[in-house]
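Asks: I'd like to ask you about the structure that follows.
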Amino acid sequence: MNNLWYANEHHIPVLGHRGIRAKYPENTLPSFEAAINLGVDLIEFDVNVTKDNELVVIHDNSIDRTSDHKGLTRDYTLAELKSFDFSCGFDEYKGVQIPTLKEVLTLAKGKSDTLLFNVEIKDMHHETVDATIAMLKEFGICERCVIASFDAEIIRYTKKAYPEMRVQGFPGRYMSNFTEETYDIMFGMGISIRNEDETVKADIELAKSKGILVWLYCADTVEAVERCINLGMDNITGNDPEVALKVFREKGLHK
C-alpha cells in the first residue's frame with residue numbers, strides 16, 4: 001500500500017482537487033464520483049464542522065461562495081445545510097447537497113480499495129482533527145490518508161497525537177503558526193505552480209532537502225502539466241485532472 005504514494009518512471013500519481021472542480025460542483029458527491037471514475041489516484045477534500053458537530057466536506061469556513069445561502073458552516077445544523085443548494089453555478093446539478101465526510105468515504109469505499117485521500121482540515125481545531133481521524137479509522141483507511149492544513153499547529157498536533165498518520169503542509173511562508181520544525185514531520189509539501197519557475201524550483205529543492213515529497217498544484221492545461229514534468233514531482237493536482245492523466249498516459253507516465 002505504501003508504494004501507492006510514490007511516483008516511479010512509469011506512474012506519477014494524479015490527484016483530483018475537490019473532485020473535478022473545473023467541471024462539477026466542488027466537494028460534492030458527483031464531483032468525487034466523476035474523479036474516481038476518471039481514474040485518479042487520489043482525491044482531495046476539505047473538512048468543516050456543523051453547529052451540531054457533524055463533519056461536512058466544504059472548502060470554506062463559510063457557505064457564501066458555494067451555496068445559495070450565507071453564513072458560517074458552524075452556524076448551521078447538518079439538516080439546515082442539507083436543505084441548501086451547493087451546485088456552485090452548475091445548473092445541471094442544481095440542488096446538489098453538501099456531503100458529510102461519512103458520505104464521501106462511503107462513496108469511495110464502493111468505488112476503489114486503492115484510492116488515496118488528501119484530507120484538508122479547514123475547521124482548525126484539535127477536536128476536528130480527532131473526529132476526522134476517528135472516522136478514517138472507522139473506515140479502516142488511515143494508511144491511505146494524509147492530513148493536510150495551512151495551519152502548522154494543526155499539522156504538529158496531528159503528528160503528535162496520531163504518529164501513524166501522514167501529514168502534508170506547504171512552504172512555511174504560506175502557513176500560520178509555522179516553525180522550522182514543522183518541515184521535519186511533513187510527508188508531502190503542496191507547492192503551487194502559480195509562481196515563477198525560480199520560486200517553484202526553490203520550494204522543490206527545500207522539500208527534497210528535507211526528504212518531503214513534492215506535490216505540485218494545480219495543473220489544468222497541457223502546458224502546465226508539461227511544466228510540472230520538467231520541474232519534477234511526486235504527484236500532481238488538477239482542478240481538471242483529466243488533462244494530466246491524458247498527458248501522462250501518452251508519455252507512459254501513468255499506468
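The values are calculated or read from the model by the stated rules, or taken from the named source; none is laboratory data. No experiment lies behind these values; they were computed from the predicted model shown. Because the Cβ atoms are built from the backbone with ideal geometry, glycine has one as well, and the counts that use them run over all protein chains shown. Surface areas here come from the heavy atoms of the whole protein model, side chains and all, with no ligands, DNA or RNA. Shrake-Rupley method; radii C 1.70, N 1.55, O 1.52, S 1.80 Å.
Asks: Could you state the principal axis extents of the C-alpha atoms in the stretch 8-142, from the largest down, to the nearest angstrom?
Replies: Principal extents (Cα only, largest first): 47, 36, 22 Å.
Asks: Estimate the FRET efficiency between Asn8 and Asn230 by the formula 1/(1 + (r/R0)^6), using the beta-carbon distance for r and 22 Å for R0, to the nearest 0.05.
Replies: 0.80
Asks: Right, something else. Work out, step by step, the length gained on full extension between Ser192 and Asn177: first 0.36 nm times the residue separation, then minus their alpha carbon distance; give nm to one decimal.
Replies: 3.4 nm
Asks: Which loop trypsin sites (Lys or Arg not before Pro) in the stretch 82-187, with loop taken from DSSP, have no more than 16 other Cβ atoms within 10 angstrom of their Cβ?
Replies: Within the stretch 82-187, the qualifying trypsin sites (Lys or Arg not before Pro) (loop, at most 16 other Cβ atoms within 10 Å) are Lys94.
Asks: Rolling a 1.4 Å sphere over the protein heavy atoms, what is the accessible area per residue of the chain, to the nearest Å²?
Replies: The answer is 44 Å² per residue.
Asks: Rounded to the nearest 500, what is the 222 nm mean residue ellipticity of the chain from helices alone, with -39500 (n - 2.57) per DSSP H run of 4+ residues and division by all residues?
Replies: Computed mean residue ellipticity for the chain: -9500 deg cm²/dmol.
Asks: Let me ask you something else. Please report the carbon-and-sulfur percent of the accessible area for the stretch 1-98; probe 1.4 Å, protein heavy atoms only, DNA, RNA and ligands left out.
Replies: Here it works out to 47 percent.
Asks: Out of Thr114, Tyr162, Ala202, whose Cα points farthest toward the positive end of the dipole of the stretch 109-255 (charges: +1 Lys, Arg; -1 Asp, Glu; placed on Cβ)?
Replies: Result: Thr114, furthest along the dipole toward the positive end.
Asks: With +1 on each Lys and Arg Cβ and -1 on each Asp and Glu Cβ, how big is the dipole of the stretch 79-171 about its Cα centre, in debye rounded to the nearest 20?
Replies: The dipole magnitude comes to about 320 debye.
Asks: Let me ask you something else. Does a label point 7 Å from the Cα of Leu72, set along Cα-to-beta-carbon, have any residues of the stretch 105-148 with amide nitrogen under 11 Å, and which are they?
Replies: Answer for this model: 124.
Asks: Could you go through the stretch 161-173 in sequence order and give the Karplus-derived ³J(HN,Hα) for each residue, using 6.51 cos²θ - 1.76 cosθ + 1.60 with θ = phi - 60°, rounded to whole Hz, and x for Gly and Pro?
Replies: 6, 9, x, 6, 7, 7, 10, 10, x, 9, x, x, 5
Asks: For the stretch 38-91, what is the charge dipole size about the Cα centre, in debye to the nearest 20, if Lys and Arg each add +1 at the Cβ and Asp and Glu each add -1 at the Cβ?
Replies: Approximately 160 debye in magnitude.
Asks: Extension gain Ala134-Lys255, at 0.36 nm per residue separation less the Cα-Cα distance, in nm?
Replies: That works out to 40.3 nm of additional length.
Asks: In whole percent, and with a 1.4 Å probe on the protein chains, what portion of the accessible area of the stretch 165-253 is carbon and sulfur?
Replies: 46
Asks: To the nearest 20 Debye, how big is the dipole of the chain about its Cα centre, given +1 on the beta carbon of each Lys and Arg and -1 on that of each Asp and Glu?
Replies: Taking the Cα centre of the chain as origin, the dipole is about 400 debye.
Asks: Semi-axes of the equivalent ellipsoid for the stretch 1-80, please: Cα gyration tensor eigenvalues, times 5, square-rooted, ordered largest first, whole Å.
Replies: 30, 14, 9
Asks: Past the 29 Å Cα-Cα mark, which pairs from Lys51/Lys210; Lys102/Lys201; Lys122/Lys208; Lys51/Lys109; Lys94/Lys255?
Replies: Where the Cα-Cα span goes over 29 Å, the pairs concerned are Lys51/Lys210; Lys102/Lys201; Lys94/Lys255.
Asks: Determine one quarter of the surface area of the Cα convex hull of the stretch 72-203, which equals its mean projected area, and express it in nm² to one decimal.
Replies: Projected area, direction-averaged: 10.4 nm².
Asks: Here's another thing I want to ask about it. Can you compute the FRET efficiency between Glu92 and Ser112 using 1/(1 + (r/R0)^6), with r the Cβ-Cβ distance and R0 = 30 Å? Round to the nearest 0.05.
Replies: The computed FRET efficiency comes out at 0.75.
Asks: A follow-up question, please. Taking every DSSP beta bridge that has both residues in the chain, what percent is antiparallel when rounded to the nearest 5?
Replies: Bridges in the chain that DSSP calls antiparallel: roughly 15 percent.
Asks: Longest span of the chain, sites excluded, free of GluC sites (Glu not before Pro) in DSSP loop with at most 12 other C-beta atoms within 10 Å?
Replies: Counting at most 12 other Cβ atoms within 10 Å as exposed, the longest clean stretch of the chain is 10-163.
Asks: Give the residue from Gly172, Met124, Gly238 lying farthest towards the positive end of the charge dipole for the stretch 123-255; charges sit on Cβ (+1 for Lys and Arg, -1 for Asp and Glu) and the dipole is referred to the Cα centre.
Replies: Highest projection toward the positive end goes to Gly238.
Asks: When only DSSP loop residues count, what trypsin sites (Lys or Arg not before Pro) in the stretch 186-244 have their Cβ near at most 16 other Cβ atoms within 10 Å?
Replies: Arg194, Lys210
Asks: Of the options Trp215, Cys145, Met189, report the single residue whose Cα projects farthest towards the positive end of the charge dipole of the stretch 145-255 (beta-carbon charges: Lys, Arg +1; Asp, Glu -1).
Replies: Cys145
Asks: So what's the gap between the Cα centers of the stretch 203-255 and the stretch 118-151, to the nearest angstrom?
Replies: Result: 24 Å between the Cα centres.
Asks: Counting pairwise Cα distances across the chain, what percent come out greater than 28 angstrom?
Replies: The proportion of pairs with Cα distances above 28 Å equals 30 percent.
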